[in-house]
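We did not get these values from a lab; they are worked out from the coordinates using the rules stated. Quantities reported herein were computed from a predicted structural model and do not represent experimental measurements. Every residue, glycine among them, receives a Cβ derived from its backbone with ideal geometry; neighbour counts consider all protein chains shown.
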Ligand code: ZN
């Protein structure tokens, strides 16, 4: 499976920077929105997942989004999240850059998480700018499907990046800097097809770092990776963490 090789690479080039995609969350039962079988293959993102759709008809977007929003909060971290948190505590991981919005890295104990697509941690009112934590928004979503601002009655928008919305500049700049400084970038559960995040491993390579990939199925950058492990992120990362614990 290549576990020993990946563990050796992570020891040699520690601390690595980890880039995670939907494949890490699907093992927690969170559906992959952007895969060929994912949500946005069944529903037009321009109608339900874009910034313009939200501006045009936020209530329609929320009625579509509400059950999925609740489901996100019910998912639990899996072995991949737990292994990455443990490896960070032991000095093998510097930071986790993630496209996932579900907070599962943080809930598993990862301390340094860069969320390049935002997260469900907060929702904001586009009208007056008030921000509300998930604990206040979730009951509103579950009760009414359309959470509204307590101050001005505007429809709240989750602070996740919608299609057509710019990625958060600060998070993206930090991710880019981490990628350039990394002697090893470990990509987990991403096919590396969504830009600009998919360009981060190329920044690592251009700065002389190496790339390792753990993913089910091929990715766009398999050809330039030093190591590619095909399989379950949870199984592989748990095995790598055990291997590194044994060796140290
Ligand atoms: Zn408001």
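The residues on offer are 169, 160, and the sole one that is more than 16 Å from the ligand (Cβ to nearest atom), under 17 Å from residue 73 (Cβ atoms) and under 17 Å from the mean Cα position of the chain (by Cα) is 160. Collect the residues in region 115-135 that are out of contact with any helix residue (DSSP H, G or I) (no Cβ under 6 Å at 6 or more places or on another chain) and within 13 Å of the ligand (Cβ to nearest atom), keeping them in residue-number order. Answer for region 115-135, where residues must be out of contact with any helix residue (DSSP H, G or I) (no Cβ under 6 Å at 6 or more places or on another chain) and within 13 Å of the ligand (Cβ to nearest atom): 124, 125, 126, 127, 128, 129, 130, 131, 132. Here residue 195 fulfils each of the conditions (1) without any contact (Cβ under 8 Å) to a residue 40 or more places away in the chain; (2) more than 30 Å from residue 70 (Cβ to Cβ) apart from (2). Look through region 228-248, keep the residues that are on the phi < 0 side of the Ramachandran plot and outside any helix (DSSP H, G or I), and return whichever of them is surrounded by the most Cβ atoms within 10 Å (Cβ to Cβ). It comes out as 229.
Selection of region 143-157 for residues being in contact (Cβ under 8 Å) with a residue 60 or more places away in the chain and within 16 Å of the ligand (Cβ to nearest atom) yields 146, 147, 155, 157.
For residue 140, the conditions (1) free of Cβ contacts under 8 Å to residues at least 24 places away in the same chain; (2) more than 19 Å from the chain's Cα centre (by Cα); (3) under 25 Å from residue 13 (Cβ atoms) are fulfilled apart from (3).
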